[in-house]
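What follows is a short report on a single structure.
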Amino acid sequence: MSILKTLRNHWKLTLTGLVALFVFSVGVGISGAYVLAATSTEEFCVSCHEMSYNFAEYKGTIHDKNRTGVRAICTDCHVPHTPGPLVLAKIKASKDMYYTYISPSIDTKEKFEAKRAVMAQRVWKEMMESDSHQCRSCHRADKMDVDAQSGVAQKKHAKAKAEGTTCIECHYGIAHTEPSGPAPSELFGKKVAVN
Ligand code: HEC
Ligand code: HEC
Ligand code: HEC
Ligand code: HEC
């Protein structure tokens, strides 16, 4: 009660405080949005990953260039599309600063190749656990015109639906050179179902 009373007695100060708080929050929101936008461009990712060959390998693949010009860029496949996981992924990605400036881990072709399988497996694990969430933000299984697909695709997709296989189990190595070693389903098992 006494707090309310004090606030009432100092209403001008209270109002100023509230306005300041509002302006501050909007400021934080706007700068947050700027950071998110600036770190979500192809140029931002390529500024480091041009050296690591992932950009060169992706160039010319169907997700970079195709008949209609609709593309998938790095962040479309590598960053979650829901707010909570997106912010978490951005925080987690700050480790890449450490592995760029303090203890460079992929700055030469040899180091990159030595680490490729480990990095690819991180990506696969995440996609297996999320039922290929990133792929599905563009490719909706229930909106695919199966009749327009090739015979083998129709057969495999029907099987995938029946067996609960997810996109990344079959479509890995689609944007970069396929890493050596075991495939996603050999490593992480069949965990999730295709809708
Ligand atoms: C400051 C340089 C830098 C920038 C900018 C950067 N990365 Fe990386 N990235 C790295 C380094 C270094 C690694 C290797 C980390 C390690 O050794 O564990 C890495 C690893 C990765 C991996 C492998 C999986 C993993 O978590 O280790 C993916 C995928 C990736 N980056 C995607 C991206 C995307 C997408 C962007 C743009 C949003 C991006 N990176 C921006 C430096 C960078
Ligand atoms: C930003 C949207 C987007 C995302 C994310 C995306 N794709 Fe695609 N994908 C496309 C477009 C656009 C095409 C080309 C369609 C065309 O022109 O035929 C395509 C084509 C394909 C093809 C057809 C290849 C061919 O040679 O015909 C496969 C397979 C595919 N995507 C799988 C995936 C998988 C797996 C993922 C997740 C790792 C994924 N896509 C993520 C938009 C996306
Ligand atoms: C059981 C393995 C399997 C699974 C799981 C699977 N696919 Fe496929 N998909 C194939 C095969 C095989 C083809 C035909 C060859 C090719 O294009 O790679 C194909 C073809 C495609 C094509 C091209 C179709 C065409 O006719 O041009 C797209 C796009 C595609 N898949 C997307 C997806 C997406 C998105 C998912 C997850 C919802 C998925 N696939 C799950 C095996 C699979
Ligand atoms: C169509 C989806 C897609 C796009 C677009 C894409 N990636 Fe990937 N990326 C993957 C998948 C899937 C993997 C896991 C390994 C694999 O299957 O090739 C991967 C793996 C990686 C890795 C781990 C090392 C390796 O070679 O496996 C890095 C680093 C990476 N991507 C960076 C990038 C950068 C940078 C861009 C943009 C220039 C990009 N990716 C665009 C799907 C994509």
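Here, each number is a calculation from the coordinates, and none is a lab measurement. This structure is a prediction, so every number in the text was calculated from the model and none was measured. Neighbour counts run over all protein chains shown; Cβ positions are idealised from the backbone, glycine included.
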Could you tell me which helices of the chain pass both thresholds, a Cα extent of 15 Å or more along their own axis and a mean Kyte-Doolittle hydropathy of at least 0.5, with helices taken as whole DSSP H runs?
11-38
Once you charge only the Cβ atoms, +1 for Lys and Arg and -1 for Asp and Glu, what is the size of the charge dipole of the chain about its Cα centre, to the nearest 20 debye?
720
How high is the relative contact order of the chain? Use alpha-carbon pairs under 8 Å, at least six apart in sequence, and give a whole percent.
20
Calculate log10 I(q)/I(0) of the chain for q = 0.18 Å⁻¹, where I(q) comes from the Debye formula with a single equal point scatterer on each Cα and nothing for solvent.
-1.42
Around Ala153, under 14 Å between beta carbons, what's the net of Lys plus Arg minus Asp minus Glu among the other residues?
+2
Towards the positive end of the charge dipole of the stretch 1-150, with charges on Cβ (+1 Lys, Arg; -1 Asp, Glu), say which of Gly32, Ile3, Val19 has the farthest Cα.
Ile3
Compute the distance from the alpha-carbon center of the stretch 51-80 to that of the stretch 142-173, in whole Å.
21
Would you work out which of Thr61, Leu187, Ala117 lies farthest towards the positive end of the dipole of the chain? Charges go on Cβ: Lys and Arg +1, Asp and Glu -1.
Leu187
What range in the chain is the longest one free of trypsin sites (Lys or Arg not before Pro) that are in a loop by DSSP and have at most 16 other Cβ atoms within 10 angstrom?
72-139
Determine, for Met127, Met97, the number of other Cβ atoms within 10 Å of each Cβ, and report the residues in order from fewest to most.
Met97, Met127
